[in-house]
1. Kindly evaluate B:S175 against the criterion of being outside any helix (DSSP H, G or I) and among the small types (G, A, S).
2. What residue, of A:L163, A:L148, A:L170, A:L193, is farther than 30 Å from A:T105 by Cα and either over 17 Å from the mean Cα position of the chain (by Cα) or crowded, with 20+ Cβ neighbours inside 10 Å (or both)?
3. So is B:L184 out of contact with any strand residue (DSSP E or B) (no Cβ under 7 Å at 6 or more places or on another chain), aliphatic (A, V, I, L, M) and away from chain A (no Cβ under 14 Å) or not?
4. With the requirement that a residue be in contact with a Ser or Thr (Cβ under 7 Å, 6 or more places away or on another chain) and under 20 Å from A:I49 (Cβ atoms), what does the stretch A:160-190 give you?
5. Being surrounded by fewer than 20 Cβ atoms within 10 Å (Cβ to Cβ), in contact with a strand residue (DSSP E or B) (Cβ under 6 Å, 6 or more places away or on another chain) and charged (D, E, K, R) is the requirement here; does B:K205 meet it?
6. For B:S192, which of the numbered conditions (1) away from chain A (no Cβ under 13 Å); (2) of a type in the set (S, T, N, Q); (3) more than 12 Å from the chain's Cα centre (by Cα); (4) not in a helix (DSSP H, G or I) fails to hold?
7. Any residue in the stretch A:220-231 that is in the same structural domain as A:A181 (by the TED database) and aliphatic (A, V, I, L, M) sitting within a Cβ distance under 8 Å of a residue that is crowded, with 21+ Cβ neighbours inside 10 Å and part of a helix (DSSP H, G or I)? List the pairs, counting only those 6 or more apart or interchain.
8. State which residue pairs qualify: first residue exposed (fewer than 13 other Cβ atoms within 10 Å of the Cβ) and inside the stretch B:41-64, second residue of a type in the set (S, T, N, Q) and outside any loop (DSSP other than H, G, I, E, B) in any location, beta carbons under 9 Å apart, and separation of 6 or more residues or different chains.
Amino acid sequence: MEASEGKSKKQGASRLCCLCNQRRPVLKRPKTLQQICKECFYEVFEEEIHQVIVKNHLFKSGERVAIGASGGKDSTVLAYVLSELNRRHSYGLDLFLLSIDEGITGYRDDSLETVKRNELQYGLPLQILSYKDLYGWTMDDIVKMIGLKNNCTFCGVFRRQALDRGAALLKVDKLVTGHNADDIAETVLLNILRGDIARLSRCTSITTGEDGPIPRCKPFKYTYEKEIVIYPSLLNHFLVLSLTSIVFFFHTYAYFKKLDYFSTECIYSPNAYRGFAREFIKDLERLRPRAILDIIKSGEDFRIATTTKMPEQGTCERCGYISSQKWCKACVLLDGLNRGLPKMGIGRARGGVNGDHQKETKKPASAARSLESKQCGSLDF
Amino acid sequence: MACNSSGCESGGCYGREKDNGCKVVDVKETVRLCVKCKSNEPMTFGDGGSDDGRFCAECFRSNVYGKFRLAVTSHAMITPSDNVLVAFSGGSSSRVALQFVHELQVKALKNYEASRDRSLPVFGVGVAFVDESAAYPSLSGGMSDAIAWVRSTVLSLSPPEKDLHVVPIESVFGSDSVEARDRLVKLLDSVSDETGKEDLLLHLKMLSLQKVASENGYNRLVVGSCTSRLASHVLTATVKGRGYSLSADIQHVDARWKVPIVLPLRDCVWQEITRLCHLDGLKTVELARHPQSGINDLVSSFVALLQEENPSRECTIVRTAAKLTPFYFNKIPETDDSCVPMATQRRLKKFNLKYDGSMTTEAFCPICNGPLNGSDSSEDESDALYDACCSSCRFQILPQEPSSLDHFGSLLPHHMISQVKHHQKFDSQTYLREKIKDCLLLDDEEAV
């Protein structure tokens, strides 16, 4: 396969787009290495996502759907493509943008500006929730306390809950996130490396949490990150939409131009373990582009006994959120932060709230006293 | 243990509580003793690995040998009536496997000679060395020396005597060496993907081992794969879309083949093996290792990187993969037990260590012998070989142009092609219910 592609490269100028055979090709498609023109790229990009939505029955007509919008390339393109497909194929969906402010100076500020612009552009209502409002701590505060080693755990746990709470506030039926093929492939690898068989069985599902409060799905499951980066940079009608979009266009184009695949990295991320897997996948993609989809396929095909899949679902005693333990993870982490024991909730549970009931019954009063912030359950829904 | 701060559990000191004057005195600092037997001085290998300087030589050795023996007995890998062929590459892992199997055999012989009724016979051991120089011409220079070394090594491991079989990899094509070599080269040249080429050679290597084993009356094939090798395999399989068949490859027993494969060193890590070779003075020969390129090489480097960051990563990877559901053939098959001693038969039945060999519910890819997942089946039944293969082999081994498939099929060894015809028959019978709409019934063959 690669040999024939190499040949066509040399004949560059005389070749035509592989798909339409009419226009000049402008790029080599990352997923398939096909040489295609701009129009065909949009078409095939959008059509593939439409097929994923249809084949996997992701939506029902009339549903209220919240798009988890971080302001990064994935969620911006997701917002655009979803609203476009909703219109084009008449999905009949009620779309919203939902954004979370983790309180990371210099990173999230720019992203949120993008999200606000998206609201203007696509006329999608926007809701912003901050960690400060929800938990009483910003990520900057947390990092000041715990350093750079386990901060991603905190952010991830809090963000997941924040999205669910926001979705509940807006009374939406479904949450949509911009997780792409690279993300899912990374997660499969990480779960193998960490020994988490239960998560391994769930992480390739396109829809998760169907039996929970808000199901969430990932329409970009088979979409390559590289293609998501390319897509807006080619799009001219972003310019046509509104003046504010010019700023957006350059904003995204700048990311693309940098040619650094990971220019949207969170400033705290260099120490995250996920970096190992990410580098590996980047190298793998260079050797064999379809390997990303192959990892996802392997993840789907793993023979995992159904008994290992779901831990029992209950509710958190402290805040009422969904949890498989006595306290939900966010409450455990918050408790640790507020008591100045930042390691609580990190690593395997030995003692602590969920492991040792007796310790907690000894001093319930002081636990309440030491809580400086609002409890997670302060938002009614 | 000497901590006097109240409420402090040993090993559970938090940072703050330590500042309250908790003193932990390490008694062992002055006199270092083996942590297991607490009587001998611990060995230091100085190789920068973990667990250095914890065990004495004897405890270390018995630890590794113990893992080997546990694997053998708990999976009925080698029983008294067996004839075992050890695949020997000259590397550390297979050298240790050979050594341990030899020691097991020596012990069995001692017991046999000491027993009055001579009820338990001693299992036979042979050694097979695959000569890959036809595939990797760079190896041919040192090959004759390597073979001579292998021969002398095997000779030194007697009594009991062991036959040595030097197997050229092209022997899968037949006995005419010139024609076979030629065919091998043609086959390899028609595979354009580097990783596919490497993997195809691995499959051919296994076929050649199977061939020599069954032709010489062996009923077990011992392969020296260790935890580290399996960890790389887990990742390469994942990355190639072979998630379904992965659990078949990493168990202790793999009875898909005519001669079941056993992995007695599965629970030992590379570090233990190299240390043991060093300790016991076991010599190895590293043939100018054909450079791995492509995906296999990338994964090896990745695993090495992970090991640096956390020395127990390989074990975690294999442990995760071990949680996947194995297949029915990952146990020793039930065969005609007339020559197996009663005691052994009883034991095997008691621990459910065998399965009924006549039960086959899986179809296998003719090239890699991986069990096929339902999702692997192709939409159009255009080419028998294409349909029969798994999606991974279709991509990396089979030629991309449909017109070249026939020619490619003619280059494959007979054993692989015969599987294709078998698959076709199997397919129409067993998968009928699932593919009832798409399946074209070509003709009404024997109804089951």
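The values are calculated or read from the model by the stated rules, or taken from the named source; none is laboratory data. Everything quoted here is computed from the prediction, not taken from an experiment. Here Cβ is always computed from backbone atoms with ideal geometry, including for glycine, and neighbour counts include all displayed protein chains.
1. Spelling it out, B:S175 is indeed outside any helix (DSSP H, G or I) and among the small types (G, A, S).
2. The conditions single out A:L193.
3. Yes: the conditions hold for B:L184.
4. A:G178, A:N180, A:A181, A:I184
5. Spelling it out, B:K205 is indeed surrounded by fewer than 20 Cβ atoms within 10 Å (Cβ to Cβ), in contact with a strand residue (DSSP E or B) (Cβ under 6 Å, 6 or more places away or on another chain) and charged (D, E, K, R).
6. Of everything listed in (1) away from chain A (no Cβ under 13 Å); (2) of a type in the set (S, T, N, Q); (3) more than 12 Å from the chain's Cα centre (by Cα); (4) not in a helix (DSSP H, G or I), B:S192 misses just condition (1).
7. If the second residue must be crowded, with 21+ Cβ neighbours inside 10 Å and part of a helix (DSSP H, G or I), the pairs left are A:I228/A:K73; A:I228/A:D74; A:I228/A:V77; A:V229/A:K73; A:I230/A:F41.
8. Every condition considered, the pairs that remain are B:D47/B:Q271; B:D47/B:T274; B:S50/B:Q271.
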